[in-house]
Amino acid sequence: MEKRTLVMATMNPHKFEEVRAIFADEGLGNRFELTNLYDTGFRGDIPEEGETLEENATSKSRFVFELNGSDCFSDD
């Protein structure tokens, strides 16, 4: 099975490492190549204009998808 690249829409290295550890613990490391915004070459800020954490996380994921078409998820 080929690994799918999955982008975590974060620039926070600590959050990224926490999620990477969860992926490893759950055995997902053999299915997904987990990357972050820094790995994609993105160096800007993603606007967070929502009123809830869910709105901001959704906005960040949409932003990354529109930026490079990558499968992604985000935190907030």
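The values are calculated or read from the model by the stated rules, or taken from the named source; none is laboratory data. Predicted, not measured: the structure shown is a model, and the values here were computed from it. Cβ atoms come from the backbone with ideal geometry, glycine included; neighbour counts cover every protein chain shown. Just the protein is used for accessible areas: all its heavy atoms, side chains included, with ligands, DNA and RNA removed. Shrake-Rupley method; radii C 1.70, N 1.55, O 1.52, S 1.80 Å.
All other residues with a Cβ under 14 Å from the Cβ of Thr5 taken together, and with Lys, Arg as +1 and Asp, Glu as -1, what is their net charge? Spell out each step's value before the answer.
On the way: positive: Lys3, Arg4, Arg20, Arg31; negative: Glu2, Glu33, Asp39, Asp71.
Charge balance near Thr5 sits at 0.
If you wrap a convex hull around the C-alpha atoms of the chain and split its volume per residue, what is the figure in Å³? Intermediate values should be presented prior to the final figure.
Working: hull volume 6.7 nm³, N = 76.
Spelled out: Cα convex hull of the chain, divided by residues, is 89 Å³.
Angle, helix 13-25 long axis vs. longest principal axis of the chain, Cα atoms, 0 to 90°, nearest 10?
Tilt relative to the chain: about 40 degrees.
Give me the percent of the accessible area of the chain that comes from carbon and sulfur atoms, probe 1.4 Å, all protein chains in place. Intermediate values should be presented prior to the final figure.
Details: 2580 of 5320 Å².
Answer for the chain is 49 percent, counting heavy atoms of protein chains only.
Which residue fluctuates most in the GNM of the chain (Cα springs below 10 Å): Arg62, Arg31, Arg20?
In the Gaussian network model the winner is Arg31.
Taking the 0 to 90 degree range and rounding to the nearest ten, how far is the long axis of helix 53-68 tilted relative to the main principal axis of the chain, both from C-alpha atoms?
Roughly 70 degrees between the two axes.
Per residue, what accessible area does the chain have, given a 1.4 Å probe and all protein chains present, in Å²?
Accessible area per residue: 70 Å².
Under a point-charge model restricted to the Cβ atoms of Lys and Arg (+1) and Asp and Glu (-1), what is the dipole moment magnitude of segment 1-57 relative to its Cα centre, in debye to the nearest 20?
Values: 6 positive and 13 negative charges, 85 e Å.
The dipole magnitude comes to about 400 debye.
I'd like the distance between the alpha-carbon centres of segment 49-76 and segment 1-48, rounded to an integer number of Å.
13 Å
Determine the relative contact order of the chain: mean sequence separation of Cα pairs under 8 Å and six or more apart, normalised by residue count, in whole percent.
42 percent
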